[in-house]
Every structure is written in C-alpha cells, then in structure tokens.
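What follows is a set of notes on a single structure, which appears directly below.
The values are calculated or read from the model by the stated rules, or taken from the named source; none is laboratory data. It should be emphasised that the depicted structure is a prediction, and the values quoted were computed from it without experimental measurement. Cβ atoms come from the backbone with ideal geometry, glycine included; neighbour counts cover every protein chain shown. For accessibility, only protein heavy atoms count, side chains too; no ligands or nucleic acids. Shrake-Rupley method; radii C 1.70, N 1.55, O 1.52, S 1.80 Å.
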Amino acid sequence: MNFRTFAAFVGPSVFMMLLFIAFPLVSVFVQSFYVTQTVYEVVEVETCTPGFLTQTCTTEQKSVPLLDEDSHVMTRTEFVGLQSYRNVLELDRAWAALKAGSWSAFQAIDFWKALRFTLTFTLITLPLNIGLGLGIALMINNAAKAVRGPVIFISLLPFIITPVIGALSINWLFRGDGILTAAMEWYSGRDIAMFAQAWTIELLMMLYRVWHVAPFAAIVFYAGLQTVNSDSLESAVIDGASRWQRLRFIVIPHLMPLIIFVSMIHLMDAYRVFEEVVGFSSQGHVISLQWLTYDFLVPDQAGNRSVSRASASAMLTMIGITLLLIAPLRRTWRDHKGGH
Amino acid sequence: MTSRAMRQPLSLRLTSNGLLILWCLIAAFPIFWITVMSFKTPVDAFDANALNVIFGPATRAKGHGISVFDILLLLVTLWALWQVAAKRLPSMVRSYAPAGAVWLGWLIGIAAFALVALVTLFGIMPALAAALNPVLGALGVDVIGLTTEHYKTVWIDRGFSNNFQNSLIVTAGVVSVSLTVGTLAGYGLARSGSTLAFWILIVALVFRALPHSVLVAGYLPVFINSSEWLAPILGENAPTLYGKPMAVIAVLVAINQPFTIWMLRSFFQNIPAELDEAARVDGCNHFQAFRRVIMPVMWPGVITTGLFSFLLAYNDFLVTSLLLDAQNQTMVPAIAGMFNRETTTTDQVVAVAAAVSITAPLFILVMVFQRQIVSGLTAGAVKG
C-alpha cells in the first residue's frame with residue numbers, strides 16, 4: 001500500500017483526532033497561562049430614598065462590568081504565567097500544613113485531597129480487580145459448559161451498566177435506610193451511616209469500581225485460559241505439581257501478557273475516576289482529580305466558568321497519568337523489543 | 001488429555017461453583033433491586049425489611065398490584081414473544097427480504113416486532129388481566145404490590161421522552177460517524193506495515209489514556225465563542241457550537257476514535273490479506289478491493305465495534321453534561337439533575353425509575369449481542 005492510498009484511508013480518522021484531541025490539548029496548555037476576566041469599572045452611584053422633609057441620599061462605589069457597543073460584557077485576556085497553577089496547587093498553604101505536620105490541614109486543600117484519593121483509589125482497586133477477575137475466570141472455566149453462557153451474561157451486566165447509574169444503584173442500597181445498611185444495622189445492632197464519613201464512602205466507591213470492571217478482566221482471562229497448553233499442564237501433573245503450583249507456574253505465566261494489558265487499561269480508567277463522585281454525591285467528603293477539573297468548568301452562581309484554573313488542573317492531571325503509565329509502558333516496550 | 005489426572009476433588013468443585021453463584025448474586029443484585037424498587041410506592045421502596053420491598057404491602061393497600069394470574073400471563077407472553085423473536089423472525093426475514101437488502105428486512109422486521117410486543121404488553125395484556133382477574137377467585141387476588149406511576153411521572157411529567165430522543169440522536173450520530181471513519185482507518189492501518197502506521201497507533205493509545213475533562217476544558221471556550229471565530233468563514237449566521245448535539249457527536253467520535261481504530265485493526269488483521277491481494281490481481285485498486293471484497297466479510301467486527309461506540313455515547317456523563325444545554329440534554333446527565341434535587345422519597349423513587357429506564361435498553365443489548373460483546377472484549381487482548 002503506497003503512502004497516498006494509506007493517507008486516504010487513515011486521513012479522516014487522523015484529522016478528527018488532531019482536531020478534537022491534539023488541538024484541545026494545545027489549547028488547554030495555552031489557556032492555563034492566561035486568565036480571561038470581565039472588565040469592571042468603578043462608578044459612583046447615588047441612591048436616594050424619599051424621607052420626611054429631606055431625601056436621604058447615599059453615594060457608594062460600585063463596580064459594574066463594562067459593555068461594548070453591542071452591549072456585550074467586555075472581557076480582557078491577560079497573560080498570568082503560572083498563577084493559575086499556583087491557585088490550584090496552593091503551595092504556600094500546603095507547605096505550611098506539611099511543616100506543621102498537620103495532615104488534615106494538608107487534605108483541606110482541594111487539589112491535594114483529590115490527588116490523594118485518586119492515587120489510593122487507583123492503586124487499591126488494581127490488585128482487587130486483577131484478583132477477582134482471575135478468580136471469576138477460573139470459576140467459569142471450572143463450571144459445567146451449559147451454565148457458562150448464562151454466567152457470562154450475568155457477569156456482563158455490571159460491566160455494561162452506565163457508570164453513573166451503577167454507582168447510583170449501589171448508593172441506593174446503602175443510603176439512609178437502604179436495604180444493605182438496614183441489614184448491617186440488624187446484624188451489628190448499631191447505627192450505621194455509610195455516607196457520613198469519608199472512609200466508608202471511599203470503601204463503597206472502590207467496591208463499586210471492582211464490581212464494575214472485574215467482569216472485563218474475567219472475560220479477558222477466561223479467553224486466555226482456553227489457550228493454556230494442556231501438554232505442559234499434563235507434564236506438570238506427572239512431575240507431581242500440586243494444583244496451586246500448576247496455577248502459579250503455568251497458568252499465571254501464560255496469562256501474564258493479559259494481566260499486564262488489563263492492568264494498563266485499569267490504570268488509565270481508574271485514574272479517570274469521576275462517575276463515582278457524581279453517583280455517590282460525595283463531593284462534600286471525597287473528590288477526584290477529574291472531578292476537580294469538571295467542577296471548575298461548571299458555571300458558578302454568577303455563571304462564570306474558571307476555565308484557566310480548569311486548564312491548570314487538567315494539565316496537572318495529565319502529568320499524573322503520564323508518570324503513572326511510564327513504568328508499565330517502558331516495561332512493555334522492553335518486553336516487546338526483547339521478544340523479537 | 002487424561003481426564004482422570006485432571007479431575008478435581010468434589011470439595012473443590014463445590015467451593016468453586018458455590019463462589020460462582022455468590023458472584024452472580026453480587027453481580028445481579030443491585031440491578032435487580034433497583035428494578036424492584038422502581039415499581040413500589042416510596043414507603044415500600046425504602047422499607048428496611050427486604051420482604052416488604054419485594055411484596056410491597058403499602059403499594060398493594062393503595063390498590064396497585066398484580067395477581068398470580070397476572071404473573072403467569074406475563075411469563076407466558078414473554079416466553080411467546082421470545083420464541084417469535086428467536087425462531088420465527090429470522091426465518092421470516094430470510095424468506096421475505098429481497099436478496100440485496102437483508103439489512104432492510106431486519107430493520108422492518110425488528111420495528112414490526114417491537115410494535116407487536118408493545119401492543120401485546122401494554123394494550124392486550126392489561127385488558128385481558130382486568131377482565132379475567134375478578135372471575136378467577138384466589139388466582140385473581142393481588143399478591144405483589146406493583147405500580148407504574150413513577151414511570152409515568154418520569155416519562156410524561158419530567159419530560160424524559162425528550163431526553164430519550166436526544167440520547168438517540170447522539171448515539172446514532174456517534175455510532176455511524178465513528179464506524180465510517182474508523183473502518184477506513186482500521187483497514188488502512190491493518191494493511192500497512194509502515195512505521196507511520198505504528199506511530200499513529202501508539203499516539204492513539206496515548207490519547208486513549210487522556211482524562212476526558214482535559215479535552216472538555218479545551219473545547220468549552222472555543223465552543224462558547226464559536227459564533228465569533230466562525231463569523232469570518234460562515235458569515236452572519238455562524239452557529240454557537242455550545243449546546244448543539246452535532247458538536248457533541250464530533251467530540252465523542254474523536255474521543256472514541258483511538259479505541260475504534262485499535263479494535264477494527266485487530267479485526268481486519270484476522271481477515272487474510274490474500275483476499276484483497278487476489279482482488280488486486282484481478283484489477284481492483286485498493287478502494288475497489290475494500291468495497292467489493294472486504295466490506296462483505298467485515299460485518300462481525302464492525303457490529304462489535306459499533307456496540308462499544310454505542311456504549312460510550314450512551315453512557316457518557318462528563319462530555320454531554322458540560323457541552324449540551326438543557327433542552328438538548330441526554331438521559332444520563334438528566335438523571336443526575338433529578339437525583340440532586342431529591343427532597344422527598346417520592347423524588348428518589350422517580351429517580352430510581354429513570355435509572356431503570358436507562359438500564360433496560362442495555363439489558364436487551366447484552367441479551368441480543370452477548371457473543372459480539374465477548375468477542376470484542378477479547379479481540380484486542382488475546383491477539384496482543
């Protein structure tokens with residue numbers, strides 16, 4: 001296939017990715033150094049209230065937005081350097097909190113709070129996802145052929161459900177007098193409120209995420225299990241390997257490329273944790289990095305979106321995912337090169 | 001393989017199957033439970049006793065309920081409809097559809113079937129039940145409380161049908177555009193061994209990792225001010241892209257593109273290259289080979305990829321909630337609005353009904369396309 005044909009086939013797709021992925025990235029990068037603000041002017045306003053004999057008049061200074069000739073609000077865009085990053089990171093406050101040794105003061109800053117949660121969430125759900133997925137795959141592989149189809153059907157449900165709805169459905173089970181909270185209260189004989197403190201919410205979020213993504217891992221691993229070389233399994237049996245040793249030394253090494261694949265997908269997706277915050281309405285206690293950017297982008301009461309701060313936090317989020325992915329990517333790259 | 005050597009002890013098999021059953025319960029329970037809740041009055045839906053939630057005494061006391069006869073009737077109807085869909089429909093489509101337009105036959109067949117199912121379930125069945133319940137004695141007495149009033153509230157009073165239409169527009173747009181663009185690119189990438197193709201794939205992989213809010217932060221100012229910067233090109237009536245379904249479709253297509261081209265590439269690699277080489281020997285150029293030889297055999301992969309594009313567009317919350325205005329809102333962001341203004345338990349049950357309404361199409365999707373979804377999940381992974 002020569003270059004022109006290749007370009008004709010790939011062109012539309014590359015164009016879309018450049019226009020809607022690469023270009024926004026550049027524009028976010030540039031935006032994060034600029035601030036667009038409404039131009040205000042200060043005017044003296046005299047307000048008079050009718051009174052007995054004399055009017056009471058007060059003059060006060062008010063700042064009103066300037067209007068241009070089309071009576072649109074005038075805005076001015078300024079280069080502010082790293083100011084937006086400073087606003088997001090609040091380094092002074094963070095440093096002061098750290099020097100005072102106060103973790104709770106440090107965690108009162110939105111960005112660091114979000115970063116802490118996003119990282120814990122990603123790193124704790126990763127082994128749980130892999131472990132549960134592998135377990136389900138082995139169990140499906142063990143089950144009679146006739147039930148495998150229906151079991152895979154049921155397993156697909158948590159995976160296919162809309163993330164916000166999935167989080168909500170777990171939320172409804174535990175909220176207030178939800179059925180599972182009621183069951184736990186009955187069992188323990190104590191009052192339980194799952195949404196009153198941060199750590200229980202985080203626990204529920206992680207449970208939800210593992211419930212949501214484990215089926216994907218399970219199905220990928222199940223497909224991998226079908227290709228395990230039965231000869232090596234058999235010779236292992238002859239050599240007297242126990243069930244556990246066969247799993248440890250034959251099955252898992254065979255599945256290793258798939259485990260790395262699922263882990264990378266999971267790192268990318270769990271780092272983007274967002275829907276959980278919406279579904280559990282946890283913004284009062286727990287927030288994630290992507291939610292932070294989202295929150296800057298949502299208009300506030302005055303209808304303003306803090307785009308530059310959102311851009312700064314978006315850039316910081318990106319730096320995070322790059323750092324997180326460098327290690328596994330380099331590893332796959334080495335394996336890829338070593339394999340050929 | 002000697003089956004005796006590999007045979008597992010009974011205890012291991014029992015544990016394994018027991019745990020599998022436990023997993024199935026955990027997987028299905030939340031979805032099952034919100035479905036049950038959505039049919040009850042608020043008192044029953046949030047009752048601490050599970051049996052009260054299932055049987056709904058308060059709902060029954062209000063006069064909403066179904067009898068044993070209703071349940072049997074429903075089961076029989078569903079079974080009959082399933083039989084028709086699974087056995088009669090394919091053979092009917094095969095025999096009546098003109099040879100060249102099988103897909104058209106399927107489209108008409110599915111539309112007709114949906115109409116028949118709706119009329120049976122919501123027209124004939126309630127009438128039949130209402131007529132027969134009083135005469136049946138014990139079988140006709142309400143045993144389970146069940147009310148559809150929350151669904152009526154959601155779909156009629158809260159304007160959910162409007163959100164449903166918007167979801168349809170967005171998903172249909174995303175699936176069709178993303179498949180058209182992606183199929184071409186996937187084919188090109190699968191058949192070209194050049195370094196450029198390799199780098200496009202790597203960059204696409206990096207793009208896949210990007211958090212969507214990063215991209216939306218890039219679009220928002222541009223879309224809001226688009227009437228200004230489009231004016232020199234399009235003149236006076238340049239559109240504001242913010243709030244338009246079209247803009248969201250383009251954005252979702254682009255976000256989905258990395259995944260789409262990776263997946264389609266791996267499907268195209270499974271189609272032997274000898275096929276298009278043969279066509280080229282016979283005098284086709286690359287496009288003709290693609291059009292006449294590859295297109296007829298690529299549908300399984302395209303359908304699978306289409307399913308995943310559909311899921312992305314249908315499930316998206318972040319992009320649609322930030323880039324669409326209120327009147328073009330799709331279903332998923334709409335439900336978040338419903339949930340946030342929860343003041344009474346009734347509002348909550350209404351939100352539950354909305355959640356179940358969103359999940360129902362996905363449930364049917366898995367039922368119909370289970371095999372394609374599984375093959376899609378494993379396609380990228382197993383072949384590396």
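When you scan segment B:214-224, do you find a residue that is at pLDDT below 80, out of contact with any helix residue (DSSP H, G or I) (no Cβ under 7 Å at 6 or more places or on another chain) and either of a type in the set (A, V, I, L, M, F, W, C) or in the same structural domain as B:VAL177 (by TED's automatic domain parsing) (or both), even just one?
For segment B:214-224, residues at pLDDT below 80, out of contact with any helix residue (DSSP H, G or I) (no Cβ under 7 Å at 6 or more places or on another chain) and either of a type in the set (A, V, I, L, M, F, W, C) or in the same structural domain as B:VAL177 (by TED's automatic domain parsing) (or both): present.
Being closer than 17 Å to B:THR345 by Cα and in contact (Cβ under 8 Å) with a residue 40 or more places away in the chain is the filter; apply it to segment B:24-42 and report the residue that is surrounded by the fewest Cβ atoms within 10 Å (Cβ to Cβ).
Of all residues in segment B:24-42, those closer than 17 Å to B:THR345 by Cα come to B:33-42.
If we keep only those that are in contact (Cβ under 8 Å) with a residue 40 or more places away in the chain too, we end up with B:34-35, B:37-42.
Numbers: B:ILE34: 25, B:THR35: 17, B:MET37: 28, B:SER38: 23, B:PHE39: 24, B:LYS40: 28, B:THR41: 23, B:PRO42: 19.
So, considering only residues that are closer than 17 Å to B:THR345 by Cα and in contact (Cβ under 8 Å) with a residue 40 or more places away in the chain, the one surrounded by the fewest Cβ atoms within 10 Å (Cβ to Cβ) is B:THR35.
Yes or no, residue by residue, for (1) over 30 Å from A:THR77 (Cα atoms); (2) away from chain A (no Cβ under 12 Å):
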residue	(1), (2)
B:VAL222	no, no
B:VAL248	no, no
B:LEU264	yes, no
B:ASP282	yes, yes
B:ASN285	yes, no
B:PRO296	yes, yes
B:VAL302	yes, yes
B:GLY306	yes, yes
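Out of segment B:225-269, which residues are part of a helix (DSSP H, G or I), modelled with pLDDT under 80 and not aromatic (Phe, Trp, Tyr)? Full working, then the answer.
Quick first cut of segment B:225-269, residues part of a helix (DSSP H, G or I) only: B:226-234, B:245-269.
Going one step further and asking which of them are modelled with pLDDT under 80, we end up with B:226-234.
Within segment B:225-269, B:SER226, B:SER227, B:GLU228, B:LEU230, B:ALA231, B:PRO232, B:ILE233, B:LEU234 qualify.
Residues that are free of Cβ contacts under 8 Å to residues at least 12 places away in the same chain: find the helices (runs of 4 or more DSSP H) completely inside segment B:289-344 holding 1 or more of those. Walk me through how you get there before you give the answer.
On the way: elements: B:299-315, B:318-323, B:331-340.
Counting at least 1 such residues, we get B:299-315, B:331-340.
Go through segment A:21-51 and give me each residue that's within 14 Å of chain B (Cβ to nearest Cβ), open to solvent by 60 Å² or more (accessible area, probe 1.4 Å) and at pLDDT 75 or above.
A:PHE23, A:VAL26, A:PHE29, A:VAL30, A:TYR34
Considering segment B:45-83 alone, what residues qualify as being open to solvent by 60 Å² or more (accessible area, probe 1.4 Å), within 29 Å of B:ALA114 (Cβ to Cβ) and of a type in the set (A, V, I, L, M)?
B:LEU72, B:LEU74, B:LEU75, B:VAL76, B:LEU78
Residue-by-condition table, conditions (1) at pLDDT 90 or above; (2) in a helix (DSSP H, G or I); (3) under 20 Å from B:CYS24 (Cβ atoms); (4) β-branched (Val, Ile, Thr):
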{"residue": "A:LEU138", "(1), (2), (3), (4)": "no, yes, yes, no"}
{"residue": "A:ALA146", "(1), (2), (3), (4)": "no, yes, yes, no"}
{"residue": "A:GLY149", "(1), (2), (3), (4)": "no, yes, yes, no"}
{"residue": "A:ALA167", "(1), (2), (3), (4)": "no, yes, no, no"}
{"residue": "A:ILE170", "(1), (2), (3), (4)": "no, yes, yes, yes"}
{"residue": "A:ALA183", "(1), (2), (3), (4)": "no, yes, yes, no"}
{"residue": "A:TYR187", "(1), (2), (3), (4)": "no, yes, no, no"}
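Could you list, in sequence order, all residues of segment A:120-171 that are of a type in the set (Ser, Thr, Tyr) and either over 22 Å from A:LEU289 (Cβ atoms) or open to solvent by less than 20 Å² (accessible area, probe 1.4 Å) (or both)? It would help to see each step written out before you state the result.
Quick first cut of segment A:120-171, residues of a type in the set (Ser, Thr, Tyr) only: A:120, A:122, A:125, A:155, A:162, A:169.
A:THR122, A:THR125, A:SER155, A:THR162, A:SER169 - these are the residues of segment A:120-171 that are of a type in the set (Ser, Thr, Tyr) and either over 22 Å from A:LEU289 (Cβ atoms) or open to solvent by less than 20 Å² (accessible area, probe 1.4 Å) (or both).
(1) over 30 Å from B:GLU274 (Cβ atoms); (2) open to solvent by 10 Å² or more (accessible area, probe 1.4 Å): which one isn't true of B:LEU215, the others all being true?
Every condition holds for B:LEU215 apart from (2).
Can you find, within segment A:172-190, the residue that is most open to solvent (accessible area, probe 1.4 Å) among those that are under 24 Å from B:VAL350 (Cβ atoms) and at the interface with another protein chain (Cβ under 8 Å from one of its Cβ atoms)?
To start, the set of residues in segment A:172-190 that are under 24 Å from B:VAL350 (Cβ atoms) comprises A:172-182.
Filter once more, keeping what is at the interface with another protein chain (Cβ under 8 Å from one of its Cβ atoms): A:172-173, A:176-179, A:182.
Working: A:TRP172: 3, A:LEU173: 5, A:GLY176: 52, A:ASP177: 98, A:GLY178: 3, A:ILE179: 19, A:ALA182: 16 Å².
Within segment A:172-190, the match that is most open to solvent (accessible area, probe 1.4 Å) is A:ASP177.
Taking the criterion of being within 14 Å of chain A (Cβ to nearest Cβ), open to solvent by less than 70 Å² (accessible area, probe 1.4 Å) and of a type in the set (A, V, I, L, M), would at least one residue in segment B:138-161 satisfy it? Break it down stepwise before answering.
Here is the first cut: in segment B:138-161, the ones within 14 Å of chain A (Cβ to nearest Cβ) are B:150, B:154, B:160.
Checking which are open to solvent by less than 70 Å² (accessible area, probe 1.4 Å) leaves us with B:150, B:154, B:160.
Pick out the ones that are also of a type in the set (A, V, I, L, M) and you get B:154.
Yes, that holds for at least one residue.
I'd like to know if segment B:174-182 contains one or more residues that are open to solvent by 50 Å² or more (accessible area, probe 1.4 Å) and more than 30 Å from B:SER309 (Cα to Cα). Break it down into steps so the answer makes sense when it comes.
Our first condition is that a residue be open to solvent by 50 Å² or more (accessible area, probe 1.4 Å); within segment B:174-182, this holds for B:176-177, B:180.
Among the residues that remain, those that are also more than 30 Å from B:SER309 (Cα to Cα) are: none.
Within segment B:174-182, none of the residues are open to solvent by 50 Å² or more (accessible area, probe 1.4 Å) and more than 30 Å from B:SER309 (Cα to Cα).
Look at segment A:145-171 and say how many of its residues are touching a residue at least 12 places away in the same chain (Cβ under 8 Å) and more than 7 Å from every other protein chain (Cβ to nearest Cβ).
Going through segment A:145-171 one residue at a time, the tally reaches 4.
If we scan segment B:87-99, do we find a residue that is over 30 Å from A:ALA183 (Cα atoms), among the aliphatic types (A, V, I, L, M) and more than 28 Å from the chain's Cα centre (by Cα)? Reasoning before the result, please.
Within segment B:87-99, the subset over 30 Å from A:ALA183 (Cα atoms) is B:87-99.
Checking which are among the aliphatic types (A, V, I, L, M) leaves us with B:89, B:92-93, B:97, B:99.
Those left that are additionally more than 28 Å from the chain's Cα centre (by Cα): B:99.
Scanning segment B:87-99, I find at least one residue that is over 30 Å from A:ALA183 (Cα atoms), among the aliphatic types (A, V, I, L, M) and more than 28 Å from the chain's Cα centre (by Cα), so the answer is yes.
Mind checking which residues of segment A:195-204 are closer than 20 Å to A:ALA108 by Cβ and either outside the structural domain of A:GLY178 (by TED's automatic domain parsing) or of a type outside the set (Phe, Trp, Tyr) (or both)?
Once the filter is applied, which keeps residues that are closer than 20 Å to A:ALA108 by Cβ and either outside the structural domain of A:GLY178 (by TED's automatic domain parsing) or of a type outside the set (Phe, Trp, Tyr) (or both), segment A:195-204 yields A:ALA196, A:GLN197, A:ALA198, A:THR200, A:ILE201, A:GLU202.
Can you tell which of B:LEU104, B:LEU78, B:LEU12 is modelled with pLDDT under 85, part of a helix (DSSP H, G or I) and more than 10 Å from chain A (Cβ to nearest Cβ)? Full working, then the answer.
Numbers: B:LEU78 fails: modelled with pLDDT under 85; B:LEU12 fails: more than 10 Å from chain A (Cβ to nearest Cβ).
Just a single option satisfies the conditions, and that option is B:LEU104.
Residues that are in contact with a strand residue (DSSP E or B) (Cβ under 7 Å, 6 or more places away or on another chain) and assigned to a helix (DSSP H, G or I): does segment A:287-296 have at least one? Let's see the steps before the verdict.
Initially, segment A:287-296 is screened for residues in contact with a strand residue (DSSP E or B) (Cβ under 7 Å, 6 or more places away or on another chain), giving none.
Checking segment A:287-296: not a single residue is in contact with a strand residue (DSSP E or B) (Cβ under 7 Å, 6 or more places away or on another chain) and assigned to a helix (DSSP H, G or I).
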